[in-house]
1. How many residues, within the range 49-94, are surrounded by 15 or more Cβ atoms within 10 Å (Cβ to Cβ), under 30 Å from Gly117 (Cβ atoms) and over 23 Å from the mean Cα position of the chain (by Cα)?
2. Which one is modelled with the highest pLDDT among residues in the range 261-297 that are under 18 Å from Pro327 (Cβ atoms) and surrounded by fewer than 15 Cβ atoms within 10 Å (Cβ to Cβ)?
3. Among (1) more than 30 Å from Ile169 (Cβ to Cβ); (2) more than 13 Å from ligand 2 (Cβ to nearest atom); (3) not hydroxyl-bearing (Ser, Thr, Tyr), which single condition is Ala14 missing?
4. Tell me, which strands (runs of 3 or more DSSP E) wholly within the range 12-105 include 3 or more residues that are within 12 Å of ligand 1 (Cβ to nearest atom)?
5. Residues in the range 204-223 that are closer than 17 Å to Lys180 by Cβ and surrounded by fewer than 17 Cβ atoms within 10 Å (Cβ to Cβ): how many?
6. What number of residues in the range 194-203 are of a type outside the set (Lys, Arg), open to solvent by 40 Å² or more (accessible area, probe 1.4 Å) and not in a loop (DSSP other than H, G, I, E, B)?
7. Counting just the residues of the range 227-260 that are under 30 Å from Ala143 (Cα atoms) and hydroxyl-bearing (Ser, Thr, Tyr), which one comes out modelled with the lowest pLDDT?
8. Residues that are at pLDDT 95 or above and within 16 Å of ligand 1 (Cβ to nearest atom): list the helices (runs of 4 or more DSSP H) wholly contained in the range 112-193 that include at least 2 such residues.
Amino acid sequence: MRKIIHIDMDCFYAAVEMRDNPELLNVPLAIGGDEGRRGVLCTSNYQARKYGVRAAMPSFMAKKLCPDLIILPPRFDVYRQESDSIRKIFARYTEFIEPLSLDEAYLDVTTVELYQGSATLIAQAILNDIWQELRLTASAGVASNKLIAKIASDENKPNGICIVTPDKIDDFIANLPVKKLFGVGPKLQQKLENKGINNCKDLQKQSLTDLVNEFGKMGVSLYQYSRGIDSREVTPARKRKSISVEWTFEENIESEQSLLRACEVLYKRLLKRWLLAGEPSFNKLFVKLKFDDFKQHTKEQICNKEEPSLEIFILMMELLNNNNQKPIRLLGLGLRIESYIEIGQLEFEFDAILK
Ligand code: TTP
Ligand code: MG
C-alpha cells in the first residue's frame with residue numbers, strides 16, 4: 001500500500017500578498033489582470049470568495065459582486081521563489097515530489113521513516129514548517145493514492161488536513177460529484193450529467209464495457225476512479241526546457257481556414273500552460289507541422305516579446321505550410337524557455353481561464 005500526501009497552498013498568490021502587506025489582511029483581495037491586460041483574476045482571498053469572487057472571473061464582474069475588492073497585479077517572480085522554498089521543505093521529507101503547479105504537489109512518503117512512517121504526522125510537520133518559515137498556510141490530503149489525496153486536500157481548506165484511510169474510501173467517494181475526478185473537465189461532466197450520472201455512486205452502476213464503448217480509454221479510468229482506485233505513480237519533476245502543445249487531427253486538415261482555427265485553439269492551450277508555469281521567460285517560439293506523408297517540419301524563431309504572440313505563430317505556420325501544400329496531420333506550438341519545473345496534468349481544472 002502506498003502513502004501519498006497532496007499539498008495545496010491556501011489562496012496562494014493572495015496569501016503571499018497579504019503576508020507581505022498586513023494592510024491587506026482584512027480586506028477582500030484578488031490577484032489578476034486589470035481590464036487592459038487579460039482582465040481575469042488568478043485568485044482571490046477567502047474574504048473575497050464570500051462575495052462569489054473566484055479565479056478566472058473577469059475583473060469587471062468581480063468588482064460588480066464586490067465593489068470594495070482590491071485587485072493587485074501578480075508578482076510571478078515572488079510566487080516562483082516561494083514555490084521553490086516550499087519544494088525545499090518537501091525535499092526534507094521525501095525525494096518523490098511531483099509538482100502540479102506553483103502551489104501544489106504530490107508527495108510519495110511510502111518509504112519515509114521519519115515519524116514512524118506516519119503520513120499524517122509527516123503532513124502535519126510539513127504544514128508546520130511552511131507556516132513557521134514562510135508564514136503561509138497550506139492544506140493536505142493523505143491517502144493511499146493520488147486521486148483520493150488530491151480530492152481530500154480540498155476538504156478541510158484552509159489550513160486543514162484530511163486523512164482518508166483505505167477502509168474509508170468507499171464512503172468518501174460515493175457522493176462525490178463526477179467533476180471532482182481526475183480528467184473530468186466541463187465537457188465530460190456535461191456528457192455524464194446528460195446521462196443522469198452526477199456522482200460516483202451513479203458512475204459505479206455503469207458497466208466497464210459501456211463506459212469503454214462510450215468514452216474509450218477514459219472509460220477505464222472512470223470505472224476505476226469512481227471506486228477510488230488509482231494506480232498512477234508520483235512522478236518526480238524534471239527540469240523542462242520547453243512548453244509545448246500539439247494536436248493530431250482526426251481528419252487531415254486541407255483548408256487554410258481550418259488550420260488557422262486549429263492554431264488559435266492550440267495557442268490558447270499553450271498560453272494556459274505558460275500562465276500555470278508562472279509565465280517563465282522564453283526566447284524562442286517554435287511550430288511543428290506533420291503532413292499526410294508523415295514528414296515532419298519545424299520552424300523556430302527568436303522572440304523577445306513578453307507574451308507568446310499568436311501573430312508570430314501564424315506567420316511561422318504559414319511559412320512552413322506554403323512550402324509544402326499537403327494535407328496536415330498534426331500541428332504543434334511551443335516556447336523555448338530558460339528552464340522550468342514540469343507541472344502535471346492540471347489542464348482540466350483551468351479550462352475556465354482565458355475563455
Ligand atoms: P489554486 O490552488 O487553484 O487556488 P488558490 O491556491 O488561490 O486557492 P485555494 O485555497 O482554493 O487552493 O491555484 C493556485 C494558484 O494558481 C492561485 O493562487 C493563482 C493561480 N491560478 C491562476 O492563475 N488561474 C486560475 O484560474 C487558478 C484556478 C489559479
Ligand atoms: Mg491552492
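The values are calculated or read from the model by the stated rules, or taken from the named source; none is laboratory data. Given the structure is predicted, the values throughout are model-derived calculations rather than measurements. Quick reminder, even Gly has a Cβ in these numbers, built from the backbone with ideal geometry, and neighbours come from all protein chains shown. Heads up: the accessible areas ignore ligands, DNA and RNA and are worked out on the full protein's heavy atoms, side chains in. Shrake-Rupley method; radii C 1.70, N 1.55, O 1.52, S 1.80 Å.
1. The qualifying residues number 1.
2. We begin by selecting, within the range 261-297, every residue under 18 Å from Pro327 (Cβ atoms); these are 261-263, 266, 287-297.
Subsequent filtering for residues that are surrounded by fewer than 15 Cβ atoms within 10 Å (Cβ to Cβ) retains 261, 292-297.
Details: Arg261: 95, Asp292: 91, Asp293: 90, Phe294: 87, Lys295: 89, Gln296: 91, His297: 91.
Only one residue tops the list, namely Arg261.
3. Tallying (1) more than 30 Å from Ile169 (Cβ to Cβ); (2) more than 13 Å from ligand 2 (Cβ to nearest atom); (3) not hydroxyl-bearing (Ser, Thr, Tyr), Ala14 fails exactly one: (2).
4. On the way: elements: 29-32, 41-44, 70-72, 97-101.
Once the strands (runs of 3 or more DSSP E) in the range 12-105 are filtered for at least 3 residues that are within 12 Å of ligand 1 (Cβ to nearest atom), what remains is 29-32, 41-44, 97-101.
5. Total meeting the criteria: 2.
6. Residues of the range 194-203 that are of a type outside the set (Lys, Arg), as a first pass: 194, 196-200, 202-203.
Applying the additional criterion that residues be open to solvent by 40 Å² or more (accessible area, probe 1.4 Å) yields 194, 196, 198.
Checking which are not in a loop (DSSP other than H, G, I, E, B) leaves us with 194.
Counting residues in the range 194-203 that are of a type outside the set (Lys, Arg), open to solvent by 40 Å² or more (accessible area, probe 1.4 Å) and not in a loop (DSSP other than H, G, I, E, B) gives 1.
7. We begin by selecting, within the range 227-260, every residue under 30 Å from Ala143 (Cα atoms); these are 227-240.
From what's left, hydroxyl-bearing (Ser, Thr, Tyr): 231, 235.
Working: Ser231: 94, Thr235: 88.
Here the residue is Thr235.
8. Working: elements: 119-134, 146-153, 169-174.
Filter on the range 112-193 gives 119-134, 146-153.
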